[in-house]
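First the structure, in the form of structure tokens, and then the observations on it.
The values are calculated or read from the model by the stated rules, or taken from the named source; none is laboratory data. Everything numeric here is computed off the predicted structure, so don't read it as measured data. Using ideal geometry, Cβ is built from the backbone for each residue, glycine included, and neighbour counts are taken over all protein chains shown.
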Amino acid sequence: MDGAFGLSADMLTVLGLVVFTMVMFTWEKLRADVTALLVLVILGLSGLVPPDQLFNGFSGNAVISVMATMILGAGLDRAGVLNRLAIWLLRVSGGVERRLVLSSSAVAGFLSGFMQNPAVTALFLPVASRLSTRTGVPLTRMLLPIAACVIMGGGLSMVGNSPLILLNDLIESANRNLPSGVATLRPLDMFAPLPAGLALLALGLIYFALFGRRFFGGAEDKSVAPGRTESYFARTYGIEGEVFELTVTAESPLVGMSVGEAESNPDAPLLLALKSGNESRLSPPVDSMIWVGSVLGVMGKREDVSDYAQNNLLRMTPRLRHFGDLFNPARAGISEAVVPPTSPWIGQTSSELQLRKRHGISILAVNRGSEVFREDVRDVAIRAGDLLVFHSIWRDLSMAAESRDFVVVTDYPKEEQRPHKLLHAAIIFAGAILLTLSGEVAVPVALMTGVVAMLLAGVLTMDEAYSAVSWKTVFIMAALIPLGWAMDSSGAASWIAAELFERFGELPRWVMHLLVGILTTLFGLVVSNVGATVIMVPMAINLAISHGDAPISYALIVALCASNNFISVSNPVLSMVTGPAGYRGFDLLRVGGPLSLLYIGVVVAVIGWLYP
């Protein structure tokens with residue numbers, strides 16, 4: 001039975017879920033993946049999606065393809081491909097800033113055509129840091145061009161980003177609800193969006209070649225490397241001074257205290273190491289006990305440490321007798337790491353994460369936009385995009401980074417883990433892409449063939465493959481796909497399309513394309529690129545049918561414009577570069593605002609040319 005405005009109960013429920021999803025994604029009261037699962041459950045309980053189809057999204061081609069591209073990217077990283085890439089970029093650019101920025105951005109954009117955008121960004125952060133360290137080009141002038149080209153390069157192929165991977169599944173779903181007499185829509189080939197992707201990547205390179213220096217010409221050097229960490233961290237975080245050894249005497253009030261209690265004392269220096277008995281440890285757990293004869297490795301100004309030693313009856317030794325090897329810059333030091341939006345650390349404090357006990361890592365500070373937390377840092381709840389300052393052994397840091405809970409920005413000494421597998425990884429990756437182009441094998445099967453080949457060749461272990469997958473991304477995508485099905489099957493998409501056609505149906509096709517591109521961009525800013533694609537594709541296809549245009553052109557505009565977000569840290573790519581480069585919200589708006597408008601114009605022009 002129809003209600004107000006001719007809407008049925010099912011249509012009202014679906015539209016209500018769309019509004020609910022938008023509000024919850026913006027409000028962030030619940031995590032995005034929890035919201036997506038809640039919407040999935042409501043779709044099942046309400047009967048809008050049959051129970052035997054409700055969880056099909058988890059086994060859909062789109063989700064399997066996303067998982068495969070994540071694992072393939074991890075294989076390239078494990079084999080040291082990007083370390084070789086940094087050396088090659090230095091050689092090609094000759095150290096000249098404009099050539100370095102543009103060549104790095106172009107390569108990052110190309111890779112994003114075959115790997116997930118956040119994965120490419122995570123892999124390029126240490127590469128950019130290394131290039132910045134060796135050339136003196138500030139990260140501020142490198143990271144935003146790289147991030148923008150990563151977003152734009154995602155349009156080079158149908159596996160470049162989540163909306164494009166998802167598109168063919170949504171087209172297949174739309175075919176089940178097409179009006180009678182309308183021809184079935186054919187799935188898009190692997191490189192169907194290539195002309196648009198090339199035009200967008202060229203736009204990004206030209207944009208930053210012309211205006212990059214104007215935007216960030218006076219930027220300070222934000223890069224960090226072991227060779228210059230002391231001055232950088234002193235300037236940025238106030239972390240300065242020397243390392244001293246303090247021996248605990250029998251009269252010291254610290255005897256019987258835990259490390260956490262000692263650190264909470266007023267005027268306590270940074271406590272970085274502890275020796276009890278014959279065991280010396282960097283980043284000791286907060287519950288480690290201090291006894292007579294224990295040796296503390298602390299960092300601070302000489303006069304401050306001397307006062308602390310006198311007040312607590314500790315013997316101060318300026319020369320490192322016990323911790324000389326532990327504090328060797330080639331073995332340990334201070335680093336920065338950014339928290340990606342998919343990290344399970346979000347919402348937890350460092351004390352809850354027990355980083356010292358589990359990973360041997362101390363958090364010295366948290367940089368959040370223009371705010372830096374130094375006091376009671378163990379009780380600061382971590383947010384997406386936070387820049388964390390660590391002190392650790394490089395080997396421990398490298399092992400902890402394998403979980404991908406954080407992305408290390410600092411260029412620190414580490415050995416390539418499997419450089420002898422570099423050729424294997426490159427050949428397998430290229431083979432998987434060529435297999436998808438053959439048309440003889442479905443895209444997810446071709447990509448998973450590459451994954452299996454990397455596992456059999458020893459490029460990755462199975463556990464490393466599991467850890468390479470961002471399960472938050474997988475759950476959001478798989479749980480929201482049925483919302484797109486419900487939009488179509490309930491008639492909500494066709495109702496919205498009919499309303500839009502009634503108001504704008506007499507407008508030229510290019511104006512309709514522009515309208516779809518703008519609406520999708522606005523949705524993408526609120527409900528993520530996946531959410532915008534799921535909501536807009538059924539609506540756009542119905543609008544195209546009403547207007548007598550090619551539905552595929554409208555669907556492709558949606559999939560491309562869903563990622564058109566250069567102004568908000570809700571875009572995972574931007575959230576990962578904002579902290580390391582020190583960008584403010586105004587910087588993103590000033591640079592990304594005009595770029596977003598140009599992006600829509602290029603997409604509409606190229607799609608209009610492809611589908612006349």
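A compact table of results
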quantity: Among residues of segment 545-590, those that are part of a helix (DSSP H, G or I), more than 23 Å from Ser157 (Cα to Cα) and more than 18 Å from the chain's Cα centre (by Cα), counted; calculated: 7
quantity: Which listed residue is modelled with pLDDT under 90 and not acidic (Asp, Glu), from Gly431, Gly458, Gly450, Gly439; calculated: Gly439
quantity: Qualifying positions in segment 589-612 - buried (at least 20 other Cβ atoms within 10 Å of the Cβ) and farther than 11 Å from Cys561 by Cα; calculated: Val591, Gly592, Leu595, Val606, Ile607
quantity: Residues being buried (at least 20 other Cβ atoms within 10 Å of the Cβ), over 37 Å from the mean Cα position of the chain (by Cα) and assigned to a loop (DSSP other than H, G, I, E, B) - total across segment 263-294; calculated: 2
quantity: Residues satisfying the stated conditions in segment 144-176, i.e. within 17 Å of the chain's Cα centre (by Cα) and either in a loop (DSSP other than H, G, I, E, B) or without any contact (Cβ under 8 Å) to a residue 40 or more places away in the chain (or both); calculated: Val159, Gly160, Asn161
quantity: Hits in segment 576-612 (condition: within 19 Å of Gly204 (Cα to Cα) and in contact with a strand residue (DSSP E or B) (Cβ under 9 Å, 6 or more places away or on another chain)); calculated: Met576, Val577, Thr578
quantity: Exclusive hit being at pLDDT below 90 and more than 30 Å from Gly450 (Cα to Cα), set Arg418, Arg404, Arg395, Arg378; calculated: Arg378
quantity: Scan of segment 589-612 for residues that are over 29 Å from Ile552 (Cα atoms) and either touching a residue at least 40 places away in the same chain (Cβ under 8 Å) or β-branched (Val, Ile, Thr) (or both), ordered by number; calculated: Arg590, Val591
quantity: Asp52 vs. criteria among the charged types (D, E, K, R) and crowded, with 18+ Cβ neighbours inside 10 Å; calculated: no
quantity: Whichever residue in segment 126-138 is among the hydrophobic types (A, V, I, L, M, F, W, C) and within 17 Å of the chain's Cα centre (by Cα) and, among such residues, is farthest from Gly212 (Cα to Cα); calculated: Val127
quantity: Any hit, segment 493-502, residues being of a type in the set (Asp, Glu) and within 20 Å of Leu7 (Cα to Cα); calculated: yes
quantity: Only listed residue being of a type outside the set (A, V, I, L, M), crowded, with 24+ Cβ neighbours inside 10 Å, at pLDDT below 85 and more than 24 Å from Ser403 (Cβ to Cβ), chosen from Ser93, Ser132, Ser104; calculated: Ser132
quantity: Pair list, Cβ < 7 Å and 6+ apart or interchain, from segment 384-408 residues that are farther than 16 Å from Leu353 by Cα and of a type outside the set (Gly, Ala, Ser) to residues that are modelled with pLDDT of 85 or more and part of a loop (DSSP other than H, G, I, E, B); calculated: Ile393/Gly360; Val407/Pro340
quantity: All positions within segment 1-30 that are in contact (Cβ under 8 Å) with a residue 12 or more places away in the chain and in a loop (DSSP other than H, G, I, E, B); calculated: Leu7
quantity: Checking Leu166 against (1) within 30 Å of Pro594 (Cα to Cα); (2) at pLDDT 90 or above; (3) surrounded by fewer than 23 Cβ atoms within 10 Å (Cβ to Cβ), the condition it does not meet; calculated: (3)
